[in-house]
Structures are given as C-alpha cells and as structure tokens.
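Accompanying notes for the structure given below.
The values are calculated or read from the model by the stated rules, or taken from the named source; none is laboratory data. Model, not experiment: these values are computed from the prediction. Cβ placement follows ideal geometry from the backbone for every residue including glycine, while neighbour counts extend to all protein chains displayed. Note: areas computed on protein heavy atoms with side chains; ligands, DNA, RNA excluded. Shrake-Rupley method; radii C 1.70, N 1.55, O 1.52, S 1.80 Å.
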Amino acid sequence: MSHYYSERPSGPLRTKTIDVCIRGYCFRFITASGVFSFGKLDRGTELLIENMILQPGWRILDLGCGYGAIGIVAARFVDYVVMTDINRRAVAIARKNLKINGVKNAEVRWGTLYEPVEGEKFHSIITNPPVHAGKDVLREIVINAPRHLHDGGLLQMVIRTSHGAKFIKSLMEETFTEVREVAKGSGYRVYAGIA
C-alpha cells in the first residue's frame with residue numbers, strides 16, 4: 001500500500017464529505033482515500049488551525065496541504081494562500097475544496113516540498129508535516145524554510161509529541177532566531193520559528 005506522501009496513491013478513490021466549524025467559520029471539505037486524514041479533521045491539524053498566527057495582508061504557504069483544511073481556513077484571515085502537495089489526488093481534492101468553500105484568494109500547486117514555490121517568499125509557512133516520510137523530509141522542511149520567508153516570517157508546524165517533537169524543536173532552534181511553543185494538547189505541540 002502506498003503512503004499519502006507519494007505522487008500517486010494506490011487504491012481506488014473513495015471520498016467522504018465532512019463539515020467543520022473552526023475559528024468562527026464553518027467549512028465543508030471533501031476528504032479522500034490516499035490523502036492524509038480521510039474522513040475527519042485530525043487532532044493535530046485542528047490544534048494547528050486553532051492556534052496558527054495569521055495577519056491581514058500576509059501571504060501564506062500551506063506546505064503539504066492534503067485536502068486543504070489549513071490553507072482554506074487561513075484564506076479567511078490573510079491576503080493570499082499558496083497550497084502545495086506531492087500527492088496528485090490531494091491537489092485535485094484541495095482544488096475542489098477551494099470551489100466548495102468559495103475561496104478566491106488561494107491556489108493549489110503540485111510538487112515536492114518547496115519546488116512549486118521556488119524563488120517566492122511568504123510571511124508564514126504552515127504545515128502538518130508528513131512525519132512518516134522520514135526525518136530527511138522533516139529536516140528539509142525546516143532548514144529550507146528561511147529561504148522562503150520574509151525577514152521575521154514564521155514557520156508554523158504541528159508535531160505529535162511522541163513522533164519527533166524534540167527532534168523538530170531542536171532542528172528549528174538551530175535554524176531560526178527564536179522558537180516558541182504556540183500550543184499543546186491531545187499529544188501534539190505547535191511550534192513557531194521566527195526567521
């Protein structure tokens with residue numbers, strides 16, 4: 001069985017629509033088999049969305065967007081959102097979710113990590129990273145983030161406490177001028193690294 005962190009997940013496409021109310025708005029999302037968190041908003045993503053730091057006028061990168069929950073919610077609060085994913089099924093579903101939720105200030109691009117946004121900068125990169133893809137992928141997300149952030153920009157990440165939170169925090173501390181724990185709960189931690 002292929003993992004959601006692959007270009008073309010194997011297995012037939014099954015979808016399930018969910019309704020989520022978060023940060024004062026209600027959303028409808030199509031979720032899909034072969035895309036992270038089929039049939040639900042996972043607790044880590046929920047904690048990240050509830051606590052992500054957003055400002056009007058910001059340009060955001062939702063890295064590894066899956067079906068698009070983080071970027072679609074963020075789009076309510078910021079100027080523009082670019083959403084990326086390696087998983088072609090995720091990209092297709094996220095594009096449908098933009099339409100369903102009437103989001104006009106966001107786009108979804110296919111590609112590996114930062115490849116789809118080469119040469120671009122953001123006020124914040126927000127991600128629930130693909131932990132099961134391995135430490136090399138996590139390292140690449142963290143150490144390459146500053147190249148895509150404006151001065152003072154934020155990398156915001158959620159990580160399961162038992163699945164590498166210490167590793168991520170120490171990596172962020174090596175890479176960023178300041179690292180804050182923004183939230184914790186349900187076995188997850190949200191970190192923000194300031195470029």
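Summing +1 for each Lys or Arg and -1 for each Asp or Glu, what net charge is found among the other residues whose Cβ lies under 11 Å from the Cβ of C65?
-1
Spin-label point model (7 Å from Cα, Cβ direction): what's the A183 to H150 distance in nm?
2.4
Relative contact order for region 77-155: what percent, with Cα pairs under 8 Å and sequence separation of 6 or more?
Worked out over region 77-155, it gives 28 percent.
Leaving ligands, DNA and RNA out of it, work out the accessible area of R89 with a 1.4 Å probe and give it in Å² to the nearest 10.
40
Using Cα pairs closer than 8 Å and at least 6 residues apart in sequence, work out the relative contact order for the chain, in percent.
The value is 18 percent.
Given a 10 angstrom Cα cut-off, can you work out which residue in N87, N97, N105 is the most mobile in a GNM of the chain?
Result: N105 has the largest fluctuation of those listed.
For H150, what is the net charge nearby, where nearby means another residue's Cβ is under 9 Å from its Cβ and Lys, Arg count +1, Asp, Glu -1?
Cβ neighbours under 9 Å give a net charge of +1.
Heavy-atom accessible area of K184 with all protein chains present, probe 1.4 Å, nearest 10 Å²?
Looks like 130 Å² after rounding.
Using a Gaussian network model of the chain whose springs link C-alpha atoms within less than 10 Å, name the residue from A69, A92, A145 with the highest mean-square fluctuation.
A92
Can you list the aspartates and glutamates whose alpha carbon sits under 13 Å from that of K169, skipping same-chain ones fewer than 8 residues off?
E178, E181
What is the sum of charges, Lys and Arg at +1 and Asp and Glu at -1, for the other residues whose Cβ falls under 12 Å from the Cβ of R95?
Surrounding charge for R95 is +3.
How much length is gained if the chain between K135 and S170 is pulled fully straight, taking 0.36 nm per residue apart and subtracting their Cα-Cα distance, in nm to one decimal?
That pair, K135 and S170, stretches by 11.3 nm at full extension.
List the lysines whose Cα sits under 25 Å from the Cα of K104, skipping any in the same chain fewer than 8 residues away.
By straight Cα distance, K104 reaches K16, K40, K96, K121.
Of all DSSP beta bridges located in the chain, what percent are antiparallel, nearest 5?
55
With springs only between Cα atoms under 10 Å apart, run a GNM on the chain and tell me which of F29, F122, F167 wobbles the most.
Its mean-square fluctuation being the largest, the pick is F167.
If ligands, DNA and RNA are left out, what is the accessible area of T112 with a 1.4 Å probe, given in Å² to the nearest 10?
Here the residue's solvent-accessible area equals roughly 50 Å².
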